[in-house]
Every structure is written in C-alpha cells, then in structure tokens.
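These notes concern the structure reproduced below.
Read-outs: derived from the displayed coordinates by stated rules, not from any lab. Note that this is a predicted model, so its numbers are computed, not measured. Cβ sites come from the backbone with ideal geometry, for glycine too, and all protein chains shown count toward neighbours.
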Amino acid sequence: MSGEWIEYHQKTLVVPHRPLLEEVIHKVQTPIKKAVDAGCGTGADAAYLAAQGFDVVAFDSSQSAINTCRARFAESNNVKCVNHCFSTFYFPPCSLFWASQSLYFCPLENLTTFVQKALTSLLPGGVFTADFLGQRDTWVGSEEKSISFCQQSDIHNWSELYELLQIRETEEDGTTIMGQTKHWHTLTAVIRKPL
Ligand SMILES: C[S@@+](CC[C@H](N)C(=O)[O-])C[C@H]1O[C@@H](n2cnc3c(N)ncnc32)[C@H](O)[C@@H]1O
C-alpha cells in the first residue's frame, strides 16, 4: 500500500477540510480544545482544527504524509504530527477524536479495540467521529488490502455507555481519488461522551 499512499497524498496536497468537521466541533460540550486526527493524510482537517483554536495531534502511518504535515505546520505550535499506525498510537485525552476515511484501513481484528480506546480517551463532553466501510463495499473481502468494515449494530454496541448522536449510512457507485470505480458503502458515526 505504501506506494499507493504516496500517490494518494500527492493528489490531496491541496484539498479543503471536510464540511462534516464544522458540524461536529459544535457538538463538543467542553471548552477544552484538544483534538486527535487519526490517519490525517496531508493535514487539511488538522489545519481547520488548528484554525479553530484546537491543539491537534495528527498521526498517520505514512512517513511521507507526516513529512508533508510537518512542513505544512512548521510555523504553527498547535499541531503535533506523529508517525504512528492504529496499533501503536498512544491516545492522549482529547475533546475531539476525528478519523476521516482512515479506519477503513485498520485491520479488522484491531478495529473494536481501537474504537474503544479512542472513546475512552475522550474528555467528558468530547466527541468521536469516524467513517467505517459497510459490508457491501467493493473493498471488503479484497485480498490485497488490510480492510475493515462494520455494521450499525457494532456502532450501537461501541456506544453503549455514550451518546450516539448520529449514524449516517450511504451506498452509491462512484470513484476513488485515484480514479478507480467502485461501490461505496460507508457508515459515519458521531458519538459523545456524557458530561
Ligand atoms: C483515505 S486517506 C484519508 C486521509 C484524511 N483523513 C482525509 O480524510 O483526507 C486514509 C489515510 O489513512 C492512513 N493510513 C492507512 N493505514 C493506516 C494505519 N494502519 N495507521 C494509520 N494511518 C493509516 C493513510 O496513510 C491515509 O493518509
């Protein structure tokens, strides 16, 4: 995958932040502004969070993505860019845990543990937001990639002690940033830790 990620990151050097991020920062119920961007890519979302006053820990398993982020945030003292993968990350306490389109690539056997650790790392009133692949996505079951997926019931189970604010499930035929056609089946979850 690493060669493919380098190409992906080159194509996403100049992209805007994700509009959903604007919605979810308003759901955070603590004045503490500490965010984690998991699988941050080239840092568009981390840049938006920093502009909103968050201290951000942005991590990615791709060294080239982290090098790009370090150059991008060289002048800013509120974004820390670290080279970690989902299984080595250290989960600092945060008020926003943001995993945009990245947990698709978390090995399935690690997904539940990762989500549980992320939820535990939330401060009271903090918000977790992540995208997951659904079972009918083209990538699910592919041999070449380490791909995870889940269903709504998993998200309900993970959220048992939390407020499940939203599950947005979508299915459509489309393309990837690399121009590959595929069937997308995704679930986006927004979960808050009670005060
Ligand atoms: C589709 S991109 C999403 C990037 C960014 N979050 C966004 O929304 O634009 C997926 C990101 O996950 C990273 N990634 C893939 N496997 C990973 C792993 N095991 N641990 C951490 N990051 C990983 C890739 O390097 C890539 O930057």
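Rounded, prolate or oblate: pick one for the chain, where a ≥ b ≥ c are the square roots of the eigenvalues of its C-alpha gyration tensor, a/c under 1.5 means rounded, and failing that, prolate if a/b is larger than b/c, else oblate.
Oblate.
If you place +1 on the Cβ of every Lys and Arg, -1 on the Cβ of every Asp and Glu, and leave all else neutral, what size is the dipole of the chain about its Cα centre, to the nearest 20 Debye?
Rounded to the nearest 20 debye, it is 640 debye.
I'd like to compare 21-29, 125-133, 6-14: which one has the highest average count of other Cβ atoms within 10 Å, and what's the full order after that?
Going from most to least packed, we get 125-133, 21-29, 6-14.
Lys and Arg at +1, Asp and Glu at -1: add these up for the other residues within a Cβ distance under 12 Å of residue 136 and post the number.
So the surrounding residues net to -4.
For the chain, just give the cysteines left without a disulfide-compatible partner, judged by no other Cys Cβ under 4.7 Å.
That list is 40, 85, 94, 106, 150.
Based solely on its DSSP helices, what 222 nm [θ] is calculated for the chain when runs of n ≥ 4 H residues each add -39,500 (n - 2.57) and the sum is averaged over all residues, nearest 500 deg cm²/dmol?
Helix-only estimate at 222 nm: -8000 deg cm²/dmol.
Of 73, 170, 111, which is farthest towards the positive pole of the chain's charge dipole, taken about the Cα centre with +1 and -1 on the beta-carbons of Lys, Arg and Asp, Glu respectively?
73
Do you know the relative contact order of the chain, to the nearest whole percent, from alpha carbon pairs under 8 angstrom that are 6+ apart?
Worked out over the chain, it gives 19 percent.
So if I average 1/r over every pair of distinct C-alpha atoms in segment 130-195 and take the inverse, what Kirkwood radius in Å does that give?
One decimal place: 13.0 Å for the Kirkwood radius.
Just the C-alpha atoms of segment 72-154: what Rg/Rh do they give, with Rh taken as the Kirkwood radius?
1.01
Under 5 Å between amide hydrogens, which residues at least 5 positions from residue 102 or on another chain qualify, with H placed 1.01 Å from N in the peptide plane?
Sorted by chain and number, the residues that satisfy this are 131.
So how compact is segment 11-81: Cα radius of gyration and Dmax in angstrom?
11.7, 35
Would you please put 111-117, 165-171 in order of how densely packed they are, using the mean number of other Cβ atoms within 10 angstrom per residue and starting with the highest?
The most tightly packed comes first, giving 111-117, 165-171.
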